[in-house]
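Reading through the structure tokens given below for one structure.
The values are calculated or read from the model by the stated rules, or taken from the named source; none is laboratory data. Just so it is clear, the structure is predicted and the values come from calculations on it, not from any experiment. Don't worry about glycine lacking a Cβ; one is built from the backbone with ideal geometry, like all the others, and counts go over all protein chains shown. Calculation scope for accessible area: heavy atoms of the full protein, side chains included, ligands and nucleic acids excluded. Shrake-Rupley method; radii C 1.70, N 1.55, O 1.52, S 1.80 Å.
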Amino acid sequence: MSKKTTYEQPLSERMRTFLRLESLFLAGSHHAKGRSVWDSRAAMGSLLDILAIFSRADLKSEILKELERHSANLIAMQNNPQVDGDKLTDIVQQLDKLASRLHAHQGQVGQKLRQNEFLSGIRQRSTIPGGSCAFDLPSYHHWLQNPAQERVEQLTEWFQEFSLMRSGIELILDLTRSSGTPTLEVAKNGFYQQPLPPNLPCHMLRVAVPRGTPYFAEISGSRHRFTVRFMEASVQGRTTQTSDTVEFELTRCIL
């Protein structure tokens, strides 16, 4: 089976935030393990972006709501003979365990990092293009000269502040992505549009095409309908919608 490139479109603000955080967690974890100064800088950028997102909203409550919603939906499926009962029970237990740990978590997520003067200084200067240069932030420049292992350990400790939230988001996204069955669809002249059933809320759309396809998918949607446009990729000029007929896999994530 050929490898595929998947494009995702969240259909709620909550799901948009979760996908952005997932991307930042993945990038931050990758660079935090690196031993170069540039790895540490990239990891710091992801850390500060994560901190900024958690500063703007009560994401702990948002994650709890999603965990509890998924748990209720799965429990309602317990008597379905087509469902693997043991697997379902295991997932519900994971959801309930994470929800219990989140309820027990005291204080605002990331508060310890927000009160860290060293990180606050970097965050303030990072809003300026190039503002984290050595002459702007000598304390940051000094920290970047520390032995690689020290930087890795420090970054790992800072990212650990969000480990529980990350586990919740990862489980929610995993369940959401696996809640739909892919169907083979055709976009004539690179265009596809369909309504969404009002009685079956869709939380995410996923479009998959074989890797190497000379188009990328632009997806837009609301609660009522969605559109997929396949655009001819170009890094030199303006992108345009293809006039070709494109076959693709579509997954409506409804859990």
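Output wanted: per-residue J couplings in Hz (rounded whole) for segment 144-150, from phi through Karplus 6.51 cos²θ - 1.76 cosθ + 1.60, θ = phi - 60°, x for Gly and Pro.
Values, residue by residue: 5, 8, 5, x, 3, 4, 5 Hz.
Among Lys188, Lys87, Lys65, which one shows the highest mean-square fluctuation when the chain is modelled as a Gaussian network with alpha-carbon springs under 10 Å?
Checking each option, the largest mean-square fluctuation is seen for Lys87.
If I stretch the segment between Gln236 and Asp96 completely, what's the gain in nm (0.36 nm per residue apart, minus their alpha carbon distance), one decimal?
Using 0.36 nm per residue and subtracting the Cα-Cα distance, I get 45.4 nm.
Which percent, to the nearest 5, of DSSP beta bridges fully inside the chain are antiparallel?
Close to 100 percent.
In the chain, what percent of the accessible surface is made up of carbon and sulfur (1.4 Å probe, ligands and nucleic acids excluded)?
Ligands and nucleic acids excluded, carbon and sulfur give 50 percent.
If you take the square roots of the eigenvalues of the alpha-carbon gyration tensor of segment 139-249 and sort them as a ≥ b ≥ c, do you get rounded (a/c under 1.5), prolate (a/b over b/c) or oblate?
oblate
What number comes out for the charge environment of Arg16, summing +1 per Lys or Arg and -1 per Asp or Glu over other residues with Cβ under 12 Å away?
-2
For Phe135 and Leu184 in the same chain, what is the full-extension length gain: residue separation times 0.36 nm, less their Cα-Cα distance, in nm?
Result for the pair: 12.1 nm of gain on full extension.
Would you work out which of Gln236, Leu250, Pro201 lies farthest towards the positive end of the dipole of segment 195-255? Charges go on Cβ: Lys and Arg +1, Asp and Glu -1.
The residue sitting farthest along the positive end of the dipole is Pro201.
At a 1.4 Å probe radius, which order do Cys202, Cys253, Cys133 fall into by accessible area, largest first?
My answer, sorted largest first, is Cys133, Cys202, Cys253.
Could you work out the local net charge near His142, counting Lys and Arg as +1, Asp and Glu as -1, over the other residues with Cβ closer than 15 Å to its Cβ?
0
On a 0 to 90° scale, report how tilted helix 13-32 is relative to the longest principal axis of the chain, with both axes built from alpha carbons and the result rounded to the nearest 10.
50
Search the structure for amide H atoms under 5 Å from the amide H of Leu196, placed 1.01 Å from N in the peptide plane, and list their residues when 5 or more places away or on another chain.
The answer is Arg225, Phe226.
Taking the Cα centre of the chain as origin, work out the dipole magnitude from +1 charges on Lys and Arg Cβ and -1 charges on Asp and Glu Cβ, in debye rounded to 20.
The dipole magnitude comes to about 400 debye.
Which entry in (1) 54, 37, 33; (2) 56, 52, 33; (3) 48, 37, 37 matches Cα extents along the principal axes in Å derived from the coordinates of this structure?
Given (1) 54, 37, 33; (2) 56, 52, 33; (3) 48, 37, 37, the structure-derived one carries the label (2).
Roughly how many nanometres apart are two label points built 7 Å out from the Cα toward the Cβ at Ser12 and Arg41?
Spacing of the two 7 Å Cα→Cβ label points: 3.9 nm.
Probe of 1.4 angstrom, ligands and nucleic acids ignored: what's the accessible area per residue over segment 79-146, in square angstrom?
For segment 79-146, the solvent-accessible area averages 68 Å² per residue.
Report, in deg cm²/dmol and to the nearest 500, the calculated mean residue ellipticity at 222 nm for the chain, where each DSSP H run with n ≥ 4 adds -39500 (n - 2.57) and the sum is divided by the residue count.
-16000 deg cm²/dmol
If Lys and Arg each add +1 and Asp and Glu each add -1, what is the summed charge of the other residues whose beta carbon sits under 15 Å from the beta carbon of Asn199?
So the environment of Asn199 carries a net charge of +3.
Scattering from the C-alpha atoms of segment 22-94 alone, worked out with Debye: what is log10 I(q)/I(0) at q = 0.28 1/Å?
Here the Debye-derived log intensity ratios amount to -1.13.
Please determine, in degrees from 0 to 90 and to the nearest 10, the orientation of helix 59-75 with respect to the longest principal axis defined by the Cα atoms of the chain, where the helix direction is its Cα long axis.
Its long axis makes an angle of about 30 degrees.
Where in segment 217-255 are there trypsin sites (Lys or Arg not before Pro) that are in a DSSP coil and have at most 12 other Cβ atoms within 10 angstrom of their Cβ?
Arg223, Arg238
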